[in-house]
There are 2 protein chains.
Amino acid sequence: MAQPTRATPARARTSKPRAEQPTLRVLPGGLASVRLGPLQDMLGFQLRLAQEASFAGFARRTGDSGLKPGHFAALLVIHENPGLSQTALGAAVGRDKSTLTPKLTELERRGLIRRDRAAADRRSYALRLTPEGEEALAELQRHATAHDAALDRLVGPENRQAFLETLRRLIAGLDSDDT
Amino acid sequence: MAQPTRATPARARTSKPRAEQPTLRVLPGGLASVRLGPLQDMLGFQLRLAQEASFAGFARRTGDSGLKPGHFAALLVIHENPGLSQTALGAAVGRDKSTLTPKLTELERRGLIRRDRAAADRRSYALRLTPEGEEALAELQRHATAHDAALDRLVGPENRQAFLETLRRLIAGLDSDDT
DNA sequence: CCGAGATCGTTTGATATCCTACGATCTTAC
DNA sequence: GTAAGATCGTAGGATATCAAACGATCTCGG
């Protein structure tokens, strides 16, 4: 790759490695003392860590059922929009349709959803929750509510709305173009 | 901000599917009109979308080099902590050591890093950037700075610090236990 | 010293995800 | 009507990720 333009203005930023330290101890135990440098203050990096922590927290709550955040989102959207297609569901939850295929196959196998051929368009499926699906959703909803309450406590209830709006601005603003 | 006591005491029941609609049209084009229900206000869900949008935005900027956010984080941490081990790097950037193996192999193949056997512990590698690695890092740093500036504009410079701290609270608070 | 247990990096296996390709079907321009 | 093009769900390939298991090596108690 190395394109020609790479005329080495280099050096530039990234702070220096703090003059030859004695090899910097990265303790055996696990940890600590690893400098993150600029990363420590980059929104994108912290956003990733926060998202993963949230995902793990949710998964921890629902661990036993084997249903993860993604399943919850799918069941919820199907519940809210009975009869929608797989493609529409994917767009709503932000996943490619091909990613949903195996997920929905599994939810169907578990008896949580039905995939009826849409009368109006025989290529697509009309997704619906079965009674068992509604039940599973209610159960997940309980975990989700508890999880969101935990997030709320950390965010600070008084900041919740502003935080949410900031996230939405990021989502909308990065939707496929930036400067 | 607005948080009238958590206005929505949880509409408890995932709101109803709006009595049998005429099958709810999910337009062909790309659509819209898909109700997200409670998902719309869940921090975890919006956090995921925001993180993915940010990742995509960064990747779009560095697309040509083939270096993604993960590579940037790795190069930066190595730069900041020359000589650290793969395990320590993984802990710092939040990735399992086994995930880094192929990534580092590639960075080495590209000549961006060196993996010297650590004198003190011949099981581990002492990671360092090569001059080419420093150069690549500087280039990525430019993209990262631009990207973060874009995020800044969306977050609102005056909210940046608070937003960052909120993310850190979430990360720390969910670190492996909640209620 | 010496052996038990821990840790390092790798390998392998399981998911998750995207993209591209594909057959079936729908829509639309003629 | 009909044929070209778009879209639906699926299959396959590529990458990313974690967890478990493994050989090599280190550490520590005796």
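What to note about this one:
- Position A:ASP152: other-copy label points at 3.4 nm, ordered by increasing distance, label point 7 Å along Cα→C-beta.
- Percent of C-alpha pairs per 5 Å bin, region B:29-179, short to long: 2, 8, 13, 17, 17, 14, 12, 9, 4, 2, 1, 0, 0
- Shape category assigned to region B:65-144 from the gyration tensor of Cα positions, a/c cut at 1.5: prolate
- Ordered by the count of other Cβ atoms within 10 Å of each Cβ, fewest first, A:GLU108, B:GLU158 give B:GLU158, A:GLU108.
- Comment: the Cα-to-Cβ extended label point of A:GLY94, at 7 Å, lies 1.3 nm from its counterparts in the other copies, nearest first.
- A:LEU67 sits among other residues whose Cβ lies under 11 Å from its own Cβ, and their net charge, with Lys and Arg +1 and Asp and Glu -1, is +1.
- For region A:66-172: relative contact order, % (alpha-carbon pairs under 8 angstrom, 6 or more apart): 24 percent
- Backbone N within region A:92-109 under 17 Å of label point (7 Å from A:LYS68 Cα along the Cβ vector): A:93-108
- Cα gyration tensor shape of region A:123-179, rounded if a/c is under 1.5, else prolate or oblate by comparing a/b with b/c: oblate
- B:LYS68 label point (Cα plus 7 Å toward Cβ) to equivalent points in the other copies: 1.5 nm, shortest first.
Just so you know, all these numbers are worked out from the coordinates, no wet-lab data involved. Just so we're clear, the structure is a prediction, and the values are computed from it rather than from any experiment. Because the Cβ atoms are built from the backbone with ideal geometry, glycine has one as well, and the counts that use them run over all protein chains shown.
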